[in-house]
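First up is the structure itself, then whatever we jot down about it.
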Amino acid sequence: MTKKGYTLTQLPYWRLIFVSTLLERDWLVATWRRINSDTGSGSWECCELDERGEAVPHPHPSARRQIVLTDVYCQIADQIGHVAAMSVAVTTPSFGIRVPDVVWMPPEKWERFDREAPIPFVPDLCVEVLLDREMQQDIGPRVRAYVEGGAREVIVVSQRGELQFFGANGRLQASAFGITLSLEQMYFEG
């Protein structure tokens with residue numbers, strides 16, 4: 001007597017993780033789009049999403065912080081190429097959707113995704129400027145998430161204008177891209 005019914009196929013464990021990760025990323029992107037749907041209408045303030053999909057306000061930068069961000073952006077674009085961007089949302093594998101202050105990646109990577117959504121991967125270079133920000137406690141997990149997501153380098157500019165460079169093996173003595181940033185100290189004083 002033959003048994004009728006369905007046969008369950010065992011899938012490799014890695015395949016389940018990959019499908020789960022894609023579903024989680026798609027859910028995060030859909031949530032981010034819903035929360036940030038009106039940012040294109042002139043509002044500069046947007047939200048990040050943590051790894052649980054909860055909104056994390058990303059406030060509009062102060063005037064002096066904007067000057068420093070623009071300075072960092074211009075120096076990076078001048079030193080390694082014009083395909084840098086400011087305040088672009090990126091999807092990290094472990095820390096949700098975050099908005100680094102400056103990102104850079106080769107031109108061919110910019111062609112691979114829908115520019116109306118967060119970048120579906122972490123760019124080669126991410127920069128976080130801590131000036132006038134309340135995020136001191138989450139900078140470690142943020143740096144780790146960028147590196148784990150594929151960033152070759154993360155630059156952190158401290159509240160006092162000091163530079164720290166990070167790569168896959170931790171803190172670096174200098175930029176892996178050969179970047180040198182010369183920031184006006186007057187923006188970091190009192």
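Given the criteria modelled with pLDDT under 85, surrounded by 14 or more Cβ atoms within 10 Å (Cβ to Cβ), within 16 Å of the chain's Cα centre (by Cα) and under 20 Å from Asp138 (Cβ atoms), does Leu69 qualify? No; evaluated as a whole, the condition is false for this residue. Scanning the stretch 148-165 for residues that are free of Cβ contacts under 8 Å to residues at least 24 places away in the same chain, crowded, with 16+ Cβ neighbours inside 10 Å and either closer than 19 Å to Ile119 by Cβ or over 16 Å from the mean Cα position of the chain (by Cα) (or both) yields one hit, Leu163. Quick check on my filter: what residues within the stretch 109-130 are modelled with pLDDT of 90 or more, of a type in the set (A, V, I, L, M) and in contact with a helix residue (DSSP H, G or I) (Cβ under 8 Å, 6 or more places away or on another chain)? Result: Val122, Leu125, Val127, Val129, Leu130.
Looking at Ser87, Ser94, can you tell me which residue is touching a His at 6+ places or on another chain (Cβ under 9 Å) and among the small types (Gly, Ala, Ser)? One residue alone meets the criteria, Ser87.
Here is the figure for the stretch 134-147: residues that are over 15 Å from the mean Cα position of the chain (by Cα) and buried (at least 16 other Cβ atoms within 10 Å of the Cβ) total 0. What number of residues within the stretch 132-190 are closer than 26 Å to Lys109 by Cβ, of a type outside the set (A, V, I, L, M) and not in a helix (DSSP H, G or I)? Summing the residues that are closer than 26 Å to Lys109 by Cβ, of a type outside the set (A, V, I, L, M) and not in a helix (DSSP H, G or I) in the stretch 132-190 gives 15.
Sort through Arg64, Arg33, Arg15 and tell me the only one that's modelled with pLDDT of 80 or more and basic (Lys, Arg). Going through Arg64, Arg33, Arg15 in turn, the sole match is Arg64.
If Ser94 passes every condition in (1) assigned to a loop (DSSP other than H, G, I, E, B); (2) farther than 19 Å from Leu183 by Cα; (3) touching a strand residue (DSSP E or B) at 6+ places or on another chain (Cβ under 9 Å); (4) touching a residue at least 40 places away in the same chain (Cβ under 8 Å) but one, which one does it miss? With respect to (1) assigned to a loop (DSSP other than H, G, I, E, B); (2) farther than 19 Å from Leu183 by Cα; (3) touching a strand residue (DSSP E or B) at 6+ places or on another chain (Cβ under 9 Å); (4) touching a residue at least 40 places away in the same chain (Cβ under 8 Å), Ser94 is out only on (3).
The values are calculated or read from the model by the stated rules, or taken from the named source; none is laboratory data. What you see is a predicted model; the values in this text were computed from it and never measured. No Cβ is skipped: glycine too gets one built from the backbone with ideal geometry, and neighbour counts run over all protein chains shown.
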